[in-house]
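Just below is one structure, and these are the notes that go with it.
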Amino acid sequence: MGVPLLDLPRQHERVRTAVADGVAAVFASQQFILGKTVEDFENSFAELIGVPHAVGMSSGTDAQLAILMAMGIGEGDAVITTPYTFFATAGCIHRVGAETVFIDIDPATYLIDLTLLEQYLESRQRDDEGYLLTDKGARIRAIIPVHLFGVCVAADALQNLSEKYSVPIVEDAAQAVGAEFRSWATGEMSRAGAIGDSAYFSFFPTKNLGAAGDAGISVCKDADFANKLRLVRNHGMEQRYYHRVVGGNFRLDALQAAVLLAKMPLVHEWNSERRGNATDYRDGFTAAGLLDFVTLPAEPWYGRAVENHHIYHQYVLRAHRRDELMAHLQANKIGCAVYYPVPLHLQECFAYLGYQEGSLPHAEAAARETIALPIFAELRPEEIKEVVDAIATFYKG
Ligand SMILES: Cc1ncc(COP(=O)(O)O)c(C=O)c1O
């Protein structure tokens, strides 16, 4: 039969009318750049995440770039992040002229390892202005944790490190729209994007909340910073043709905002369906006796009374003989993918940073051993069974 990795037409069936109405309203208004639809979306999204400010951007990449530019990060600065993420996370750091420092991941969650991060921060010298310095002498200006595959990095620990070492947090929440966590300290529940000083999300069409093209958003807690983001997104211009700073064209299209507004009421339902699929996989792999061959995704927030503890943007297994398994699944027309085959510290374009094979072993092992399976909301129980059966045939004959 075959199972697709993702089936966007099935999703579209559920929002067809709402999307068409939203798009038609934008055409009727002929207001395509920024304007009321974009503002309505920004306000709804800020409310969803639980942050005071949201600024619509042309992509997740541009949302990150705008944050780094608005923070004034550039030459002589450094930003810490994980090597196991989509390229843009480190690409944007490079683009503003800053040094990227990679900290290895926790092999269970695939998220940046906060113990290693603390060790690194603790080992730093400070300059006269109090900035921690990298080995190359760059000032550490931000930490970018990535809520990879839809699960949040430990928020309290992250905030403690940020305070202790005076380094702001910029969350990469591109894959984590609606992912929740509960503070160990206060017991309060929050969502990805509300941990750091700022955060960015991607609405690339395959994301849990996807636009009909490229789109993204930056969120933040500080009103002045939100104004800087608005400035940077529009060529540094408040009054037309007067440029206070150099920015870019990072504006969110009204058409994309209309699509996102139409889809947003369903995002919790979709996330919940993805979690349901993950539970079905867990039951299926367990019943088939496959847990010696595959390691299921960790759910670090499970049992902490948060609903969307993992929103399964991707369902990623660590699998014995990964490449052979992948070939077997492809031969059986089962969609699968590797996120990500080469960790960022080993990418050719970052060779100048001086990392080598073996520098960050957990990220390298994850790149070699993990495989993503279909997890989209509309996946049917019989499709999940087909995927599990195919994997059982591969390992057990
Ligand atoms: C972790 C991560 N960061 C950043 C991005 C960049 O977002 P976009 O593709 O919208 O530019 C993505 C999206 O692919 C992502 O998955």
Can you compute the helix-only [θ] at 222 nm over the chain? Use -39500 (n - 2.57) per DSSP H run of at least 4 residues, normalise by all residues, nearest 500 deg cm²/dmol. -12000 deg cm²/dmol
Once R0 is set to 51 Å, what does the formula 1/(1 + (r/R0)^6) return for the Cβ-Cβ distance between N160 and N249, expressed as a FRET efficiency to the nearest 0.05? 0.85
For the chain, with the dipole built from +1 on Lys and Arg beta-carbon atoms and -1 on Asp and Glu ones, taken about the Cα centre, which of Y339, F45, G178 lies farthest toward the positive end? F45
Output wanted: per-residue J couplings in Hz (rounded whole) for the stretch 372-377, from phi through Karplus 6.51 cos²θ - 1.76 cosθ + 1.60, θ = phi - 60°, x for Gly and Pro. 9, 10, x, 9, 4, 4
With at most 13 other Cβ atoms within 10 Å, longest stretch of the chain clear of loop trypsin sites (Lys or Arg not before Pro) (DSSP): 1-135
Per residue of the stretch 357-367, in order, report the coupling 6.51 cos²θ - 1.76 cosθ + 1.60 (Karplus, θ = phi - 60°) as ³J(HN,Hα) in whole Hz, putting x for Gly and Pro. 4, x, 5, 10, x, 6, 5, 5, 5, 4, 5
Is the shape of the chain best called rounded, prolate or oblate, per the rule: a/c under 1.5 gives rounded, else a/b larger than b/c gives prolate, else oblate, with a ≥ b ≥ c the square roots of the Cα gyration tensor eigenvalues? oblate
DSSP loop GluC sites (Glu not before Pro) in the stretch 309-397 with at most 12 other Cβ atoms within 10 Å of their Cβ, which ones? E357
Would you kindly state how much longer the chain becomes between S359 and R126 on full extension, computed as 0.36 nm times their sequence separation minus their alpha carbon distance, in nm to one decimal? 81.4 nm
Cα centroids of the stretch 336-397 and the stretch 178-250: how far apart, whole angstrom? 28 Å
Quote the FRET efficiency, to the nearest 0.05, computed for D283 versus L5 with a Förster distance R0 of 22 Å and r equal to the Cβ-Cβ distance. 0.55
Taking θ = phi - 60°, what integer Hz values does the Karplus form 6.51 cos²θ - 1.76 cosθ + 1.60 yield along the stretch 210-215, in sequence order, with x for Gly and Pro? x, 8, 9, x, 7, 6
Difference of contour (0.36 nm per residue) and Cα-Cα distance, E118 to Q347: 79.9 nm
Ratio for the stretch 266-396, C-alpha Rg to 2.2 N^0.38 Å, reads 1.16
Go through the stretch 211-318 and name the chymotrypsin sites (Phe, Trp or Tyr not before Pro) that are in a DSSP coil and have 14 or fewer other Cβ atoms within 10 Å of their Cβ. Y241, Y242, Y302
Across 5 Å bins from 0, what is the distribution of all Cα-Cα pair distances for the stretch 64-136, in whole percents? 3, 16, 23, 22, 22, 11, 3, 0
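Rule-based calculations on the coordinates, nothing more; no lab input. Note that the structure is a prediction, hence the values are computed from the model and not measured. Glycine also receives a Cβ, built like all others from the backbone with ideal geometry; neighbour counts cover every protein chain displayed.
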